[in-house]
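The values are calculated or read from the model by the stated rules, or taken from the named source; none is laboratory data. For clarity, every value in this text was computed on a predicted model and none was experimentally measured. Don't worry about glycine lacking a Cβ; one is built from the backbone with ideal geometry, like all the others, and counts go over all protein chains shown. SASA here: full protein model, heavy atoms, side chains in, ligands and nucleic acids out. Shrake-Rupley method; radii C 1.70, N 1.55, O 1.52, S 1.80 Å.
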Amino acid sequence: MNTLYNKVGTMNNLSKETQGYIYALLAFVFWGLIPIYFKLIASVSAAEILAHRIIWSVVLLFGMIIVSRQFGAFTLLIRDIHKIKYLVLSALLVSLNWLVFIWAVSHNMIAESSLGYYINPLVNFALGILFFKDRPTFWQKIAIALAFSAIVYQAVTLGSIPVVSLVLAFSFGFYGLIRKQINLPAMTGLYIETLILLPLALLYFGYLVATHQNAFVFPPNAISWLLLLAGFITVVPLLWFNAAATRISLIHLGFFQYISPTVSFLLAIFVYDEILVPEKLTSFVLIWIALAIFSMDGYLKKRRTKEV
């Protein structure tokens, strides 16, 4: 107990910025390692895993909101009830993102899923141009053009579009866009989203039980215990991310977001022996160059703004 207290005390003694870097590192490394969890339960259908991810996230988030007394956002939501329709849409988008990712991991497509999260920052920026009239710099245009070229190159050379990558990138991009409009705390917003999805998750799980297709059983076996962790692996990295976002600038946080797909990519190649054909590797290289240009341009732009 004293050891735990000392660790907490040490964390509190660090500067706010250092704490932010640690929380960001924890969040993005955790997200990058999540394929390991889904590989362990690959025998379970992606739809059932999604159902448990929703159910146990609701349970865990409810307890955390009660303990932390974060009720203010609910009051704001009641005053502005039309936000519910946006939360329904964001809930559908995040569930699509989760489902496709789970399916991709179980079908040995971790590398392709990581490509989606490499593309996502560029999708976010493109959405900013379309919906918020952001003006791209010359180098940002080059970065987006390179990303587009990477997708076209793969489509031409392999005769297939990286559907998994694009669905993950765009579903999460539009999810972020909608959540930006709603402007709710991340924990409260996720709780409402999973609460919206809960009836569907319970109905589907009820159907599985009725047809004897459920992997989750009671008393719990090894798979059931792992499924119980679905809420934990969803909520905990989000809390670390929120802690980081309140302590460091978005430009610094943006650099950390590349850790997650990089860790997943390394897992795919060196742990799960996924084959990366030269054409796909070329697509990755083009995306990496685009991200390097995009990130450096953003950093230099921020630096020039500070100097002025």
Report summary line: Plugging the Cβ-Cβ distance of ALA47 and LEU266 into 1/(1 + (r/R0)^6) at R0 = 25 Å yields, to the nearest 0.05, a FRET efficiency of 0.30
Query raised in the report: Taking the stretch 222-308 on its own, what percent of its Cα-Cα pair distances exceed 16 Å?
Result: 71 percent
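Please state the shape class of the stretch 204-252: rounded when a/c is under 1.5, otherwise prolate if a/b exceeds b/c and oblate if not, all from the C-alpha gyration tensor.
prolate
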Query raised in the report: Taking a spot 7 Å from the Cα of MET296 along the direction of its beta carbon, which residues of the stretch 108-148 have an amide N less than 11 Å from it?
Result: none
Query raised in the report: Straight-line reach from LYS141: which aspartates and glutamates have a Cα under 19 Å away, not including same-chain ones fewer than 8 places off?
Result: ASP297
**Report entry** Rounded to the nearest 20 debye, dipole of the chain from Cβ charges on Lys, Arg, Asp, Glu
**Finding:** 1060 debye
Query raised in the report: Using the Cβ atoms and a cut-off under 12 Å, what net charge is assigned to the surroundings of THR234, where Lys and Arg are +1 and Asp and Glu are -1?
Result: 0
Query - Mean separation of Cα contacts under 8 Å, 6 or more apart, over the residue count of the chain: relative contact order % - result: 39 percent
Query raised in the report: For the stretch 161-204, list residues with backbone N below 14 Å from a point placed 7 Å from the Cα of ASP80 toward its Cβ?
Result: 178-186, 189
Query - Accessible surface ranking that places the most exposed of HIS212, HIS52, HIS82 first, with a 1.4 angstrom probe - result: HIS212, HIS82, HIS52
Requested in this report: Over 25 Å, how big is the tail of the calculated P(r) for the stretch 155-291, in percent of all Cα pairs?
Outcome: 50 percent
Query raised in the report: How much accessible area does LEU291 have with a 1.4 Å probe, in Å² rounded to the nearest 10?
Result: 10 Å²
Query raised in the report: Per residue, how much accessible area does the stretch 18-307 show when a 1.4 Å probe rolls over the protein heavy atoms, in square angstrom?
Result: 50 Å²
Query raised in the report: Would you list TYR86, TYR23 from the most to the least accessible area, probe 1.4 Å?
Result: TYR86, TYR23
**Report entry** Accessible surface of LYS83 - all protein chains present, 1.4 Å probe, nearest 10 Å²
**Finding:** 40 Å²
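For THR246, THR75, give the ranking by accessible area with the largest first, probe 1.4 Å.
Descending order: THR246, THR75.
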Report summary line: Scoring only Lys, Arg, Asp and Glu (+1, +1, -1, -1) among other residues with Cβ under 12 Å from the Cβ of LEU115 yields -1
Query raised in the report: Calculated FRET efficiency, LEU228 and SER149, Cβ-Cβ r, R0 35 Å, to nearest 0.05?
Result: 0.20
Query - Cα-projected label distance for THR282 with HIS252, points at 7 Å along beta-carbon direction, nm - result: 4.0 nm
Query - Helix-derived mean residue ellipticity, 222 nm - over the chain, DSSP H n ≥ 4, -39500 (n - 2.57), to 500 - result: -27500 deg cm²/dmol
Report summary line: Here the net charge surrounding GLN154, from other residues whose Cβ is less than 11 Å away from its Cβ (Lys, Arg +1; Asp, Glu -1), is -1
Requested in this report: Work from the charge dipole of the stretch 18-307 (Cβ charges, +1 for Lys and Arg, -1 for Asp and Glu, about the Cα centre) and give the residue of LEU177, ILE287, SER165 farthest towards its positive end.
Outcome: LEU177
**Report entry** With eigenvalues of the C-alpha gyration tensor scaled by 5 and rooted, the chain, Å
**Finding:** 31, 26, 21
Report summary line: Any helix of the chain counts here only if DSSP assigns it H throughout, its Cα atoms span 18 Å or more along the axis, and its mean Kyte-Doolittle hydropathy is at least -1.0, and such helices are 16-40, 46-68, 83-106, 110-132, 138-158, 163-182, 186-210, 230-245, 278-307
